[in-house]
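Each remark here refers to the structure printed beneath this line.
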Amino acid sequence: MSGRVAYVNGAYVPRAQAGISIEDRAVQFADSIYEVWGLRDGRFADEAGHFARLKRSLGELRIAAPMGEAALRHVLCEVARRNRVRDGLVYLQISRGAARRDHAFPDPAVAPTMIVTASRMDRRGLDARAEKGVAVITAPDIRWSRCDIKTTGLLPNALARQQAKESGAFEAWLVRDGVVTEACASNAWIVDSGGVIRTAPERENILRGVTRAAILKIAAERQMRVEERSFTIEEALAAREAFITSATAGALAVVRIDAHTIGDGAPGPVARALRAAYLEAAYREGAKAPSGR
Ligand code: PDD
């Protein structure tokens, strides 16, 4: 099959014709969670970490897992294979299912709705961007208080990301009570003026990024000075370096925050070293996904 294919509730269907019910709770209430795996050279990055977080998100919202992990892994690989995606991402979404609109959970429970898609990413473009570093803006963090659950309720993230785009920036760093929590679709980091690598601690106000965990591990292994401690905007502006992490971007240097240049305006040594080490480790450990070629 040459067209793009999605998996929806047990069937592989042409993506253009794929759909779910208008009464799905993802549509009505964003009563749904998602996961994103990065794929590079046909390998899933940090595969186990994403499965663990998926299980946690489902558990927190009491949504039933539509299938076991082995079957799920098969579907993810199959969607990547059928779409011939070797460099890109695999997206999974699971909602509580479709039922007559009522805020309380359907009773009796209905089958969860599951969607999987795969998309190619321009890795070379991303690598070129990483060479230069990216700009971010700051925006108020107006999200709910359970950002640790990876739900599809992403309107505040979407609004801040649009503001970033209109400002010519790649991301928006979200600020609450004077400290940077994280970014719209990535975790936020600095190398502070004392040389300490810092990112916000794992509380309910941030997503526990799988890439974040991998970077923390790498930094600890290399005996770099690293602390899970929030930082203010002022600390960020005075930082030696800044960067973001996500499954799709890896570790990506930030060289401008609002109108301020960070360091000398080029990716610094820490961000560069962590990016290289992350890519090496994530894809070395990744399982080989069956390729469509
Ligand atoms: N975003 N914080 C937020 C709010 C995110 O949405 C993401 C991921 C991250 C980084 O998490 P991880 O390292 O596990 O990818 C942090 C994905 C890529 C997305 O929404 O597309």
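Once the dipole of the stretch 5-121 is set up with Lys and Arg at +1 and Asp and Glu at -1 on Cβ about the Cα centre, which of P106, V8, S95 lies farthest towards its positive end?
Result: V8, furthest along the dipole toward the positive end.
Mind grabbing the base-10 log of I(q)/I(0) for the chain at q = 0.13, 0.15, 0.16, 0.17 Å⁻¹? Debye formula, identical points on the C-alpha positions, no solvent, two decimal places.
Summing over Cα pairs of the chain leads to -0.93, -1.20, -1.32, -1.44.
Report the antiparallel proportion of the DSSP beta bridges in the chain as a percent, rounded to a multiple of 5.
Looking only at bridges with both residues in the chain, the antiparallel portion is about 80 percent.
Going by the alpha-carbon gyration tensor, a ≥ b ≥ c the square roots of its eigenvalues, is the stretch 83-150 rounded (a/c under 1.5) or, if a/c is not under 1.5, prolate (a/b greater than b/c) versus oblate?
It comes out oblate by the Cα gyration axes.
Springs between alpha-carbon pairs under 10 angstrom, Gaussian network model over the chain: which of P201, P14, P108 fluctuates most?
P108
Rounded to the nearest 20 Debye, what is the dipole magnitude of the stretch 126-282 about its Cα centre when Lys and Arg each give +1 and Asp and Glu each give -1 at the C-beta?
300 debye
Need one value: the accessible area of L237 in square angstrom, 1.4 angstrom probe, rounded to the nearest 10.
For L237, the solvent-accessible surface is approximately 50 Å².
Under a Cβ-Cβ cut-off of 12 Å, what is the net charge of the residues other than A247 that fall near it, where Lys and Arg count +1 and Asp and Glu count -1?
Overall, the nearby charge balance is +1.
What is the distance in Å between the Cα centroid of the stretch 1-37 and that of the stretch 159-200?
30 Å
Which residue fluctuates most in the GNM of the chain (Cα springs below 10 Å): E78, E60, E47?
Highest fluctuation among the options: E60.
Within the stretch 176-237, list the trypsin sites (Lys or Arg not before Pro) lying in a DSSP loop whose Cβ has at most 14 other Cβ atoms in a 10 Å radius.
Sparse-neighbourhood loop trypsin sites (Lys or Arg not before Pro): R203, R222, R225, R229.
Which value, in debye to the nearest 20, gives the size of the charge dipole of the stretch 132-172 about its Cα centre, when Lys and Arg are +1 and Asp and Glu are -1 at the Cβ?
So the magnitude is around 100 debye.
If ligands, DNA and RNA are left out, what is the accessible area of D177 with a 1.4 Å probe, given in Å² to the nearest 10?
Rounded to the nearest 10, the figure is 150 Å².
How large is the helix-only mean residue ellipticity at 222 nm for the chain, computed as the sum of -39500 (n - 2.57) over DSSP H runs with n ≥ 4, divided by its residue count, in deg cm²/dmol to the nearest 500?
Theoretical 222 nm ellipticity from helices: -9500 deg cm²/dmol.
What is the dipole size for the chain, taken about its Cα centre, with +1 at each Lys and Arg Cβ and -1 at each Asp and Glu Cβ, in debye to the nearest 20?
With only Lys, Arg, Asp and Glu charged at Cβ, the dipole is about 1000 debye.
If you take every DSSP beta bridge whose two residues both sit in the stretch 126-282, what share of them, in percent to the nearest 5, is antiparallel?
Taking every DSSP beta bridge within the stretch 126-282, about 65 percent pair in antiparallel fashion.
Using amide H atoms built in the peptide plane, which far-off residues or other-chain residues are under 5 Å from A183 H to H?
So A183 has HN proximity to L174, A188.
Hey, what's the Kirkwood Rh for the stretch 91-245 if you take every pair of different alpha carbons, in angstrom?
Final number for the Kirkwood radius of the stretch 91-245 is 17.5 Å.
Under a straight-distance cross-link criterion of Cα-Cα below 12 Å, which aspartates and glutamates are reachable from K132, leaving out those fewer than 8 residues away in the same chain?
Straight-distance partners of K132: D264.
The values are calculated or read from the model by the stated rules, or taken from the named source; none is laboratory data. Values in this document were obtained by computation on a predicted structure and should not be read as measured data. For neighbour counting, all protein chains shown are included, and Cβ atoms are generated from backbone atoms with ideal geometry for every residue, glycine included. Areas reflect the complete protein model, heavy atoms only, side chains present, ligands, DNA and RNA absent. Shrake-Rupley method; radii C 1.70, N 1.55, O 1.52, S 1.80 Å.
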